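*Asks:* Structure provided below as structure tokens; questions to follow.
The values are calculated or read from the model by the stated rules, or taken from the named source; none is laboratory data. None of the values given here were measured: they were computed from a predicted structure. Note that each Cβ is placed from the backbone with ideal geometry, even for glycine, and that neighbours are counted across all protein chains shown.
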């Protein structure tokens, strides 16, 4: 494959894979960020300033932490796809690309000539990854989708929070983030399959389907056992004692599910009567009698600090951990050891701080080597590399195409 300008090489793992990123907001950029961190050459294609009335949602504060974290390791090319000349430019890029990622509505994709059938006529090896709220077809295909809407429709808000409290959203964009990761997995599979068939294919992922997939055991309980999950607060729906407990100076999480952990817990607490209590003889009984069990344990736990219990429980082989604020989390010794953050010097201002990829490869790990690009920062160099001369590039600027 010919180089399109100077690619940003974060890793050797996906070297030679070129991605055209038309996605916005969170799910799509999350997907493409994973590819970029593992070494794909990602070109973020976005409208010139002032063209998109919604640009303030996803591109205005380019030095902000969220934009930087989603779009690091990418290059930027500006393009007004409604202008004459845009399609010729796109065709040149698509001929040399491996993957296109977008999150337009299905009808928009077709109107712009960016549907899969149109793309494969230009490049039969192209992989189109389409991310949507509800899917590429069906009764809700044209609806706009946002994370919280998917959380509600996917069932998550019905099991989050305390009984009788009403629906509660999760405190992070779980539908957006999971959809991005599922889409990235789909792209990886399609790239691997292409080595056998020589053909690209259409990958789609939706917030709704991803959210339902993330419900996992909760949804499986209903489908197979007709057990309708409900809100149980900080407790685990099917295991006990498992959840949030009170120490003398705060709260901590305890995970003593299964009889092995239960009896180790009782031994560590020096409470043989608790272990012998018939109401707590097995997991189902401990869940049934959770209120009395939790009250009994909290009475014992309030006698010592969080640090005491976290250390003592883990030494006894019973999972336990503190409940951190975000600043406390970053100060934890194990978090520091895992190198979850990296500092990168920005050519556009102060240093930026990034979250690293949570999956490690021993030979070709992901990395963060470049901050998010300035608006259209690489437009001219990318166009030069696909055959435009200086006069043609100047004309495209003058015409408002780029």
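*Asks:* Might you let me know whether region 137-149 holds any residue that is closer than 26 Å to residue 220 by Cβ and buried (at least 20 other Cβ atoms within 10 Å of the Cβ)?
*Replies:* The answer is yes; a qualifying residue exists.
*Asks:* If residue 229 passes every condition in (1) farther than 25 Å from residue 299 by Cβ; (2) in a helix (DSSP H, G or I) but one, which one does it miss?
*Replies:* Single failed check for residue 229: (2).
*Asks:* Moving on. Would you please name the residue that is modelled with the lowest pLDDT, looking only at residues in region 189-224 that are outside any helix (DSSP H, G or I) and at negative phi?
*Replies:* Taking the candidates together, the pick is 204.
*Asks:* Now, a different point. Restricting to region 56-89, and then to whatever is touching a strand residue (DSSP E or B) at 6+ places or on another chain (Cβ under 8 Å) and more than 22 Å from residue 352 (Cα to Cα), can you tell me which residue is surrounded by the fewest Cβ atoms within 10 Å (Cβ to Cβ)?
*Replies:* 78
*Asks:* Do any helices (runs of 4 or more DSSP H) entirely within region 290-402 hold 3 or more residues that are over 34 Å from the mean Cα position of the chain (by Cα) and over 25 Å from residue 34 (Cα atoms), and if so, which?
*Replies:* Numbers: elements: 290-301, 306-315, 326-331, 333-337, 379-385, 390-398.
Ranges flagged: 290-301, 390-398.
*Asks:* For the list (1) surrounded by fewer than 18 Cβ atoms within 10 Å (Cβ to Cβ); (2) at pLDDT 95 or above; (3) within 23 Å of residue 386 (Cβ to Cβ), I need the number of the one condition that residue 36 fails.
*Replies:* (1) is the only condition that residue 36 fails.
*Asks:* Which of the residues spanning region 264-284 are part of a helix (DSSP H, G or I), over 15 Å from residue 235 (Cβ atoms) and free of Cβ contacts under 8 Å to residues at least 12 places away in the same chain?
*Replies:* 266, 272, 273, 276, 278
*Asks:* For region 174-201, name all the residues that are buried (at least 21 other Cβ atoms within 10 Å of the Cβ) and more than 30 Å from residue 149 (Cα to Cα).
*Replies:* 200
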